[in-house]
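**Q** This is the structure I have questions about; it appears just below.
Rule-based calculations on the coordinates, nothing more; no lab input. On a predicted model such as this, the values are computed, not experimentally measured, just so you know. Cβ atoms come from the backbone with ideal geometry, glycine included; neighbour counts cover every protein chain shown.
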Ligand code: AMP
């Protein structure tokens, strides 16, 4: 099954992507995580992307689009994927749709997590990243995924690994900029969502992001046939 998952930063899209990955046993491809891995590894791609990410800007399409299209060609994607964080604008949506069409790959579902901007912003600052696995959800404000305390510090609730915060999650201006891009329905991410809603025969699942992690997950799984 090939799935896109949309949601503003802070909506729990990464958490839901990780849950779906486990249930469907297919790769959860997160554009932001690929960039962060490259930044951590000091690669050329990471160097190019870092200044954009730190400010909350989109990494230019000529870097991002080929990166994702080539990731989708890797062998682990042959039996399905969940793409999270891409497309992020209208051009990326159109390019992805035509690349999939050309490769005869069906897009089975488009999931959209709905969340008001002010709530999304509050949620962003509380999330924590596990250094061992990006798919280990940790958030200091949600009981279901609260990190655990060990030797006086908070560690990953799944594996006990160290936790970090993303610099762009603690920077007010960067958060606002990411949300400006997300909620922009002219050329930004909402324009990408609307592209799938208004073109072709895509099956769009819209879920209320204010519900609990379990409820959001149940609402999604119920509709993934
Ligand atoms: P995320 O982890 O999805 O919040 O992404 C972190 C950052 O990576 C974003 O704020 C962008 O700077 C960059 N990024 C992630 N996905 C994309 C994309 N599809 N297009 C451009 N930049 C992206």
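**Q** Assuming residue 208 fulfils every condition listed in (1) more than 17 Å from the chain's Cα centre (by Cα); (2) surrounded by fewer than 13 Cβ atoms within 10 Å (Cβ to Cβ) apart from one, which condition is it?
**A** (1)
**Q** Continuing with the same structure: Which condition does residue 86 not pass, out of (1) within 16 Å of the ligand (Cβ to nearest atom); (2) touching a residue at least 24 places away in the same chain (Cβ under 8 Å); (3) closer than 20 Å to residue 2 by Cβ; (4) part of a helix (DSSP H, G or I), if it passes all the others?
**A** Single failed check for residue 86: (4).
**Q** Please go through segment 171-191 and pick out each residue that is farther than 15 Å from residue 54 by Cα and either part of a loop (DSSP other than H, G, I, E, B) or near the ligand (Cβ under 9 Å from one of its atoms) (or both).
**A** Listed by number, the residues that qualify are 184, 185, 186, 187, 188, 189.
**Q** Next question. Could you list, in sequence order, all residues of segment 35-62 that are under 18 Å from residue 95 (Cβ atoms) and more than 8 Å from the ligand (Cβ to nearest atom)?
**A** 62
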